[in-house]
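First comes the structure, then the notes that go with it.
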Amino acid sequence: MKRRDFSLAASSLGLLSLAGTGAHAQARAPKAGTDYLVLDKRVPVDAPSGKVEVIEFFSYNCPHCNAFEPQLEAWLKSAPKDVAFRRVPVPFVGNDVEAKQRLYYTLEAMGKVDEFHPKVFNAIHQQRQNVNGDANIIAWATANGLDGAKFKETFTSFGVASKAKRAAQLTDAYRVAGVPALAVAGRWYVDGETAGNLTKALQVTEYLVGEAKKG
């Protein structure tokens, strides 16, 4: 979803074709300024040497991010081995965004992202549960089997708050206009609008990973 009030409905439609076309099929080389954006200033990356960083900017409140998640996971399973992937929760879309950022980073700190990341999306978008506000988030985590005391301690920690602040800085550095969006190697930005749809956004991302490996 965009920071401004308009929809990525066309991008969502692109998700439907992902399984049929595959993220690897690219008819032509993507064009800078058309299919993806080149950052004016490179953003520092956290990827290990020899790896290409790919970031997904997302929000738990975003229905498009929820819809995109299965396709992204499918792409990651066959993505180039050089990819170092991470997620960054953005400080916009819906309510209680800073707490939702801290929710993600708490799951990351506890080593529970793989198990609980889809559960958060499901609770918000399918089950329509109230996962807003610190108390409700802590209660939800406890009800879903996490150690409530440990979750609360981590969720309210300085370290997690610092990561949320850093996520906001990265969102600005990449000039993220809406989510879901993808960033590659601290150099390029692509989303459903620039690429045409989210299927193509993954294709462009894979192309850019190849470009990054060339140096």
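The values are calculated or read from the model by the stated rules, or taken from the named source; none is laboratory data. The shown structure was predicted, so the numbers you read here are calculated from the model rather than taken from an experiment. Glycine gets a Cβ as well: all are built from the backbone with ideal geometry, and neighbour counts include every protein chain shown. Accessible surface areas use protein heavy atoms only, side chains included; no ligands, DNA or RNA. Shrake-Rupley method; radii C 1.70, N 1.55, O 1.52, S 1.80 Å.
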Pair list, Cβ under 6 Å, 6 or more apart: segment 101-116 residue at pLDDT 95 or above, other residue among the aromatic types (Phe, Trp, Tyr) and open to solvent by less than 70 Å² (accessible area, probe 1.4 Å): Arg102/Phe155; Thr106/Phe155; Leu107/Phe116
Meets criteria (open to solvent by less than 40 Å² (accessible area, probe 1.4 Å), of a type outside the set (S, T, N, Q) and at positive phi) for Gly133: yes
Contacts under 7 angstrom Cβ, first residue in segment 123-138 being closer than 17 Å to Glu69 by Cβ, partner in a loop (DSSP other than H, G, I, E, B), 6 or more apart: Ala123/Gln129; Ala123/Val131; Ile124/Tyr60; Ile124/Asn61; Ile124/Val131
Filter result (surrounded by fewer than 18 Cβ atoms within 10 Å (Cβ to Cβ) and either on the phi > 0 side of the Ramachandran plot or at pLDDT 95 or above (or both)) within segment 171-180: Asp172, Ala173, Arg175
Of all residues in segment 88-117 being under 13 Å from Asp134 (Cβ atoms) and of a type in the set (D, E, K, R), the one that is surrounded by the fewest Cβ atoms within 10 Å (Cβ to Cβ): Glu98
Unique match (being of a type in the set (S, T, N, Q), open to solvent by less than 40 Å² (accessible area, probe 1.4 Å), in contact with a strand residue (DSSP E or B) (Cβ under 9 Å, 6 or more places away or on another chain) and under 26 Å from Ala67 (Cβ atoms)) among Thr199, Thr194: Thr194
Restricting segment 188-215 to residues that are touching a residue at least 24 places away in the same chain (Cβ under 8 Å) and assigned to a loop (DSSP other than H, G, I, E, B), the residue that is nearest to the chain's Cα centre (by Cα): Asn197
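Can you tell me which residue within segment 123-155, out of those that are of a type in the set (D, E, K, R), in a helix (DSSP H, G or I) and under 21 Å from Asn95 (Cα atoms), is nearest to the chain's Cα centre (by Cα)?
Here is the first cut: in segment 123-155, the ones of a type in the set (D, E, K, R) are 128, 134, 147, 150, 152-153.
This time we only want the ones that are in a helix (DSSP H, G or I), so: 134, 150, 152-153.
Narrowing further to those that are under 21 Å from Asn95 (Cα atoms): 134, 152.
Numbers: Asp134: 22, Lys152: 24 Å.
Per the stated criteria, the residue is Asp134.
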Residue in segment 76-95 that is in a helix (DSSP H, G or I) and in contact with a helix residue (DSSP H, G or I) (Cβ under 6 Å, 6 or more places away or on another chain) present: no
Selection count where residues are of a type in the set (Phe, Trp, Tyr), more than 19 Å from Ala99 (Cα to Cα) and in contact with a helix residue (DSSP H, G or I) (Cβ under 9 Å, 6 or more places away or on another chain), scope segment 146-201: 1
